[in-house]
1. List pairs: first residue in the range 56-78 and free of Cβ contacts under 8 Å to residues at least 24 places away in the same chain, second residue of a type in the set (G, A, S) and surrounded by fewer than 18 Cβ atoms within 10 Å (Cβ to Cβ) anywhere in the structure, Cβ distance under 6 angstrom, at least six positions apart or on different chains.
2. List the number of the failed condition for L58; all other conditions in (1) crowded, with 19+ Cβ neighbours inside 10 Å; (2) under 18 Å from S164 (Cβ atoms); (3) aliphatic (A, V, I, L, M) hold.
3. Got a sec? Which helices (runs of 4 or more DSSP H) wholly within the range 11-94 have at least 1 residues that are of a type in the set (S, T, N, Q) and out of contact with any His (no Cβ under 6 Å at 6 or more places or on another chain)?
4. Residue pairs, Cβ under 7 Å, 6 or more apart or interchain, first in the range 116-145 and among the aliphatic types (A, V, I, L, M), second surrounded by fewer than 20 Cβ atoms within 10 Å (Cβ to Cβ) and part of a loop (DSSP other than H, G, I, E, B). List them.
5. What are the pairs, 6+ residues apart or on separate chains, where a residue within the range 12-25 that is buried (at least 19 other Cβ atoms within 10 Å of the Cβ) has its Cβ under 7 Å from a residue that is hydroxyl-bearing (S, T, Y)?
6. Can you name the condition, by its number, that G117 falls short on among (1) modelled with pLDDT of 95 or more; (2) on the phi < 0 side of the Ramachandran plot; (3) outside any helix (DSSP H, G or I); (4) not charged (D, E, K, R)?
7. Whether any residue in the range 145-153 is assigned to a strand (DSSP E or B) and among the small types (G, A, S) is what I want to check.
8. Going by the conditions given, is V177 hydrophobic (A, V, I, L, M, F, W, C), touching a strand residue (DSSP E or B) at 6+ places or on another chain (Cβ under 7 Å), more than 19 Å from D125 (Cα to Cα) and touching a residue at least 40 places away in the same chain (Cβ under 8 Å)?
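The values are calculated or read from the model by the stated rules, or taken from the named source; none is laboratory data. Predicted model only: the values in this text are computed from it and were never measured. Here the Cβ positions follow ideal geometry from the backbone for every residue, glycine too, while neighbour counts run over all protein chains shown.
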Amino acid sequence: MTTSLRDGKAALVVHHSPNVDLGSLDEPLLERGWTIETVDARELTASAVGAADLVVVLGGTMGAYEVDEHPFLAGELEALRDRLQSEKPTFGICLGAQLMAEALGSRASKGKATVIGFRDVQLTDAGRDSPLRHFDGVPVMQWHGDSFRLPAGATRLASSADYSNEGYRMGDFALAVQFHPEVTDAMLEHWIASSGAELAAEEIDPADIREQRVRLGAQMTDAGRTMFGEWLDRL
């Protein structure tokens, strides 16, 4: 656990897969005096999800709809459902966004395309009036092949050429993005090293991803930190 005790706010960060962590988004939390506790989703308890001042739900290699293959997701979904019904601050990334959508009564599913690499997202009018505005004109890192329907009552903030839902909010308490603003150079190298078969199947050259990261990574990291920090300040 990493701690900073300025004002005692507690953030619970939920992990699903190795090498998928909070990455560059730890900085906005620590700068604002949050404590950060990380927990594997397989060891998650409903009481911990309910008690945290903020829950951050990270990505993973499974789909939000693969509950039969990953039974622990059922408990996570139930805990998230209770938390979101209580309008407690919750932030989701990729799989996290899909799990939040499911918990809000929508449905995640296998998508029509696997998207890997830095891509543009198009902001809606609501997105331009939200913390996601910092991604206007800033390509973001994508690595997913799943999708979800926008939950009832949610506001779409961003779309892309391949997927209509790249970011959404629920009121002022929940924010979710399908892309990966948190990814660091080290994380991306781990993903590349462990995904040789997937990259080959999609005819993606790892050298192209690395070139994109060198050219675009710093700008995305800055936008991600600013976006997350602004959202935290609005809570």
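1. Note: pairs meeting the criteria are V67/A74.
2. Here L58 meets the rest and fails (2).
3. Details: elements: 26-31, 46-51, 72-85.
Per the criteria, 46-51, 72-85.
4. Hits for this filter: I116/E202; I116/I204; V121/S160; L123/D136.
5. Between residues of the range 12-25 that are buried (at least 19 other Cβ atoms within 10 Å of the Cβ) and residues that are hydroxyl-bearing (S, T, Y), the close pairs are V13/T38; H15/T38; G23/T184; S24/T184; S24/T221.
6. Every listed condition holds for G117 apart from (2).
7. First, the residues of the range 145-153 that are assigned to a strand (DSSP E or B): 145-148.
Now restrict to residues that are among the small types (G, A, S): 145, 147.
Yes, because at least one residue in the range 145-153 is assigned to a strand (DSSP E or B) and among the small types (G, A, S).
8. Numbers: hydrophobic (A, V, I, L, M, F, W, C): yes; touching a strand residue (DSSP E or B) at 6+ places or on another chain (Cβ under 7 Å): yes; more than 19 Å from D125 (Cα to Cα): no; touching a residue at least 40 places away in the same chain (Cβ under 8 Å): yes.
Criteria not met by V177.
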